[in-house]
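Take a look at the structure below.
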Amino acid sequence: MANSTENQDLLLEEGIQFQEIWELIKKRRMIVYYFAGFVLLAALVRLQLQTPLFMARGTLLIEKEGRGQMNLLSQNYYDPDWANEYLNTQQRVLTSRSLAMKVVKELERLPEAGSVQQKPRQKKLRQALQGGNDEDDPEKKFSGEVSGFLGGLGVSSIPDTRLLEISYVSPDPKMAAHAVNTLFDKFIEFNLEMKAESTKQASEFLTAQIEELRRSLAQKEQELQEYGKRKELYYIRGEDSTVVQKLSDLNSAYTAAQIERINKESIYRELQGKPFDNYPDVRGNSLVQGLKQEFSTRESEIKKKSQIFQDSYPEMQRLRSQQEGLQKRIDSETADIARKSINQAQAEYQAALKKENSLMDLLNQQKGSVVSSNANAIYYNSLKIEVQNMTNLLDFLTRRQKESMLSSRLDGLQTSNIKIVDRAEIPQIAFSPNKQRTLLLALMLGIGGGIFLIFALNYLDNTVKSPEEVEKLLKLPALGFIPAVGAKASHSYYQHYYSDRKKEHSEQKIKSVELVNLKDPESTFAEHYRNIRTSLLLSSPDSPPKVMVVTSALPQEGKTVTAINLAAAFTQLGKKVLVIDGDLRRPRVHKIFRIKNLAGITSFLVGRSRIEDIIYRYPGEPNLHVISSGPIPPNPVELVISKGMGEMMAKLRQHYDFIFIDAPPLMGISDAILLGEHADGLLLVAWGGKTPRKVIEKAKAEIEKYNVKLFGLILNKVNLRRFAYAYSSYNYKYGSYREDEEKRGEA
């Protein structure tokens, strides 16, 4: 978290350095290459394993319903208005399971029926998810096939038209085309069946009424014949009595009431079998049609805006909310009008039935009167009238039944408003997978993911990699940096600088930087040490530091080599320089100079040697002198804080221009701090790109805790191949320091 906060502060202070970002991506571009290659390879494998899918398309036209639907009993025509919800209803019917079942059954009869079945891998997966084997349960198997068919089916309306585009996706191109065409045929049949259903119900009702009337007529005719034979009635006129005339009138009225009751009952039963939308009163209601027109307008607006905005957009949510409100109001108004219509039909039917029953009661009473006055003649005539009336009613109902049956058969063809515009053709090219688009997306994803990975790794890296980070994040003076052995930054300032002076020498590969300023003064490494020397001299031009302790936060960060090479760099100014191995625990200076460590600081402090005897003069550079550590003592701290150490340093200050003390690491050891009390300050060495910032901060806090001056930090072993972006502008600065330093040396 601390690392994140520091990086954010850095961005706020300096802004986003796009040049540094580009250099970072360029130097770590192999991550992008590998990641993009992996994603592309995964995409290629997926494309090879993915089953090609073919899509067949067809188009249906849903026209306005014209005149042709009629009430079979009343023969009153009505003209239904076109509404947008009818088109939506047809879309739902096309995707219904009942229609899908018919299509699947028809497809199973085709020779390519095996193509409709699922692939073995898909079949096993579905069986695993359902926890069983579909082969053991035919109903479950068929239900799965229906679900699979609906999964590949697509129905969409073409905006501002009455056209529906139907598509089907299948691994088999022939089966995809067969599925769409079969769906067209079954949908038209299904639509015709739905339209004729209500007429068929009325026809069935009439058939039942006719059968019942025929049985009653046969009984009455039999009764009339038997009564006439028994009473020997061969001639009876209806005019012989007013009672008989009244009975005849009541019979006629009763017959008319029966016809009316049958009509009303037929209308009532027909309404019961129809959806609310098909009620005449609903279709003729101006409020409902206005709401439907508004709903259609709103849906067209939603379809147009959905091409621009997403469903979560507030305007889209508001339009959909208004559409849902209109739909609820349409459903409510339709239901209210339909209920009123069916209630009215029921009331008329009940009234007709009540009238029929009343006339029946009156007719029965009149029959009693006829019987009482002239029982034989009147009763005979009444039977004859009943027979005649029932005969007339039977003829009427038979005629209406024939008309109903004919209308039921022709109604669908006469009123069909569904036309096939384009039948599906066998697709020649698979629409999925789209190899070009998939590979392009994979490439973009790979590049984006690789760049993200670069920044993620850089974000998680909490080490110090450049002098700029030292100054900005650690608030320490950055004295310079030393490249790692074998590291070489491309297009650096030094390549051009040395190409004019000693190109063949500068290109020589250096295996070790120990004493590089003495062995190869024209190398890049020697130049970096001279840059650090210049930084130290310019840090306080009036009184540059004379005695400096070189230490590090952790072991093996290159402090010893840094101290020796800095000392060698100062000798090149013609100054007398001394290197002291102050690491009394794990000394290493004598190994680099290849001298015996028999006498050194410890020998002088314990009084076994004189100071003149422990000074080693390097033969390759007369101005460079060395004092090794001497035998390792059991108590290094006591020797460092001894009075003899102070006296020795006071004498050495008088004879040398610069003194460098190689001290042990800071973490867990106080030798460097104690040695700093005898020096002008400390030089802190850190491994570039490896030493954590927290460790350096802790070392800095330890130094400040004892009020020891810290001149700055030197980055060592910097990998220029990895972090060269941080030094693109830094190298030129040291080139200018070179000239200033030489002028100072001449002075």
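The values are calculated or read from the model by the stated rules, or taken from the named source; none is laboratory data. Source: prediction; values computed, not measured. Cβ: placed from backbone, ideal geometry, glycine included. Neighbour counts: every protein chain shown.
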Conditions (1) modelled with pLDDT of 80 or more; (2) among the small types (Gly, Ala, Ser); (3) over 30 Å from ASN181 (Cβ atoms); (4) loosely packed, with under 13 Cβ neighbours inside 10 Å; number of the one not met by SER98: (3)
In the range 536-552, the residues that are at pLDDT below 90 and touching a helix residue (DSSP H, G or I) at 6+ places or on another chain (Cβ under 7 Å): LEU537, PRO544
Test: residue in the range 691-703 that is assigned by TED's automatic domain parsing to the domain that holds LYS546, within 18 Å of VAL547 (Cα to Cα) and at pLDDT 85 or above: yes
Considering residues of the range 170-195 that are small (Gly, Ala, Ser) and assigned to a helix (DSSP H, G or I) only, the residue surrounded by the most Cβ atoms within 10 Å (Cβ to Cβ): ALA179
Per-region count, the range 280-321, residues without any contact (Cβ under 8 Å) to a residue 40 or more places away in the chain and surrounded by 16 or more Cβ atoms within 10 Å (Cβ to Cβ): 5
Filter pass, LYS717 being modelled with pLDDT under 90 and within 22 Å of HIS528 (Cα to Cα): yes
Checking GLN118 against (1) within 29 Å of GLN428 (Cα to Cα); (2) in a helix (DSSP H, G or I); (3) at pLDDT below 50, the condition it does not meet: (2)
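Residue-wise test of (1) at pLDDT below 80; (2) under 30 Å from LEU715 (Cβ atoms); (3) surrounded by 15 or more Cβ atoms within 10 Å (Cβ to Cβ); (4) assigned by TED's automatic domain parsing to the domain that holds ARG46.
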position	(1), (2), (3), (4)
GLU386	yes, no, yes, no
GLN428	no, no, no, no
ARG437	no, no, no, yes
LEU443	no, no, yes, yes
ILE451	no, yes, yes, yes
SER466	yes, yes, yes, no
GLY480	no, yes, yes, no
Scope the range 682-709; condition buried (at least 20 other Cβ atoms within 10 Å of the Cβ) and of a type in the set (Gly, Ala, Ser); matching residues: ALA686, GLY688, ALA699
Residue check for VAL637: surrounded by fewer than 20 Cβ atoms within 10 Å (Cβ to Cβ) and assigned by TED's automatic domain parsing to the domain that holds HIS678: yes
Some residue of the range 400-418 being loosely packed, with under 14 Cβ neighbours inside 10 Å, at pLDDT 75 or above and among the charged types (D, E, K, R): no
Check on LEU394, modelled with pLDDT of 80 or more and assigned to a helix (DSSP H, G or I): no
Counted residues, the range 247-272 - those being closer than 13 Å to TYR349 by Cα and in contact with a Lys or Arg (Cβ under 8 Å, 6 or more places away or on another chain): 3
Residue list for the range 42-64, restricted to those being modelled with pLDDT of 85 or more, out of contact with any helix residue (DSSP H, G or I) (no Cβ under 9 Å at 6 or more places or on another chain) and of a type in the set (A, V, I, L, M, F, W, C): VAL45, LEU61
Selected residue (only one of ASP583, ASP542, ASP613 is of a type in the set (Asp, Glu), more than 60 Å from the chain's Cα centre (by Cα) and surrounded by 24 or more Cβ atoms within 10 Å (Cβ to Cβ)): ASP583
Single unsatisfied condition, PHE660 versus (1) part of a helix (DSSP H, G or I); (2) modelled with pLDDT of 90 or more; (3) among the hydrophobic types (A, V, I, L, M, F, W, C): (1)
Residue within the range 621-630 that is closer than 17 Å to LYS651 by Cβ, free of Cβ contacts under 8 Å to residues at least 40 places away in the same chain and of a type in the set (A, V, I, L, M, F, W, C) present: no
Scan of the range 345-370 for residues that are surrounded by 14 or more Cβ atoms within 10 Å (Cβ to Cβ) and either out of contact with any helix residue (DSSP H, G or I) (no Cβ under 7 Å at 6 or more places or on another chain) or free of Cβ contacts under 8 Å to residues at least 12 places away in the same chain (or both), ordered by number: GLN350
